[in-house]
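These notes are about the structure you will find just below.
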Amino acid sequence: MDTPDALDFDEKYLQDKLSATRTPVKTVLMDQKVLRGIGNAYADEILYDAKLSPFSPSNKIPSDKVKQLTKSIKHVLEDAEKQILKNNPDIISGEFRDFMQVHHSKKKQTPAGETIHQEVLSSRKTYYTDSQELFS
């Protein structure tokens, strides 16, 4: 099977990919051989939306959380497209990111008032909150 686009996959596909590895879930989401189109910033936003820690080993994530993660991937990316088009209707560019809730170097808190933490994971800056559940 070809690698699906981040908006063109199903929950079973994601469950199969996650259950096959202990790699942190954020790293798996950014793997273009697993899903095309998710970069560092959007991985943080997706995991925040799913309330899932980026450090969770992929094979430890329960099926109900995979279901939520599937929904979050589609929701966050579709919303991002709308926000970017609203800002600049003539071109889709990933440079406009003011709407992001956690992946923003100048923001210290989410819109809900949660503290945003920053750590390095797989040599990438990772933004997350304490509300994101860690499975281990």
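The values are calculated or read from the model by the stated rules, or taken from the named source; none is laboratory data. The model shown is predicted, which means the values in this text are computed figures rather than measured ones. Neighbour counts run over all protein chains shown; Cβ positions are idealised from the backbone, glycine included.
Worth pointing out:
- Restricting attention to the range 1-32, the residues that are hydroxyl-bearing (Ser, Thr, Tyr) and under 14 Å from the mean Cα position of the chain (by Cα) total 1.
- Test for Ile84: is it of a type in the set (A, V, I, L, M, F, W, C), outside any loop (DSSP other than H, G, I, E, B) and modelled with pLDDT of 95 or more: no
- When the range 37-55 is limited to residues that are out of contact with any helix residue (DSSP H, G or I) (no Cβ under 7 Å at 6 or more places or on another chain) and in a helix (DSSP H, G or I), the one that is surrounded by the fewest Cβ atoms within 10 Å (Cβ to Cβ) turns out to be Ala41.
- Counting the residues of the range 22-64 that are hydrophobic (A, V, I, L, M, F, W, C) and on the phi > 0 side of the Ramachandran plot gives 0.
- From Ser19, Ser131, Ser123, residue being at positive phi and either surrounded by fewer than 19 Cβ atoms within 10 Å (Cβ to Cβ) or not polar (S, T, N, Q) (or both): Ser123
- Test: Ser72 is closer than 19 Å to His104 by Cα, modelled with pLDDT of 90 or more and among the polar types (S, T, N, Q): yes
- For the range 113-135, taking the residues that are out of contact with any strand residue (DSSP E or B) (no Cβ under 9 Å at 6 or more places or on another chain) and in contact (Cβ under 8 Å) with a residue 60 or more places away in the chain, the one that is nearest to Pro24 (Cα to Cα) is identified as Arg124.
- Test result for Ile73, out of contact with any strand residue (DSSP E or B) (no Cβ under 8 Å at 6 or more places or on another chain), crowded, with 18+ Cβ neighbours inside 10 Å and either within 18 Å of Lys17 (Cα to Cα) or in contact (Cβ under 8 Å) with a residue 60 or more places away in the chain (or both): yes
- Near pairs, Cβ below 6 angstrom, 6+ apart or cross-chain, from the range 23-48 (touching a residue at least 24 places away in the same chain (Cβ under 8 Å) and more than 14 Å from Val120 (Cα to Cα)) to any residue that is among the hydrophobic types (A, V, I, L, M, F, W, C) and assigned to a loop (DSSP other than H, G, I, E, B): Val28/Val34; Leu29/Ile38; Met30/Ile38; Leu35/Ala6; Gly37/Ala6; Ile38/Ala6; Glu45/Met100; Tyr48/Val102
- Of all the residues in the range 2-22, those that are touching a residue at least 12 places away in the same chain (Cβ under 8 Å) and not in a helix (DSSP H, G or I) number 10.
- When restricted to residues that are surrounded by 14 or more Cβ atoms within 10 Å (Cβ to Cβ) and out of contact with any Lys or Arg (no Cβ under 8 Å at 6 or more places or on another chain), the range 102-120 contains 4.
- In the range 57-70, residue farthest from Thr21 (Cα to Cα) [restricted to those that are buried (at least 21 other Cβ atoms within 10 Å of the Cβ) and either of a type in the set (Gly, Ala, Ser) or in contact with a strand residue (DSSP E or B) (Cβ under 8 Å, 6 or more places away or on another chain) (or both)]: Leu69
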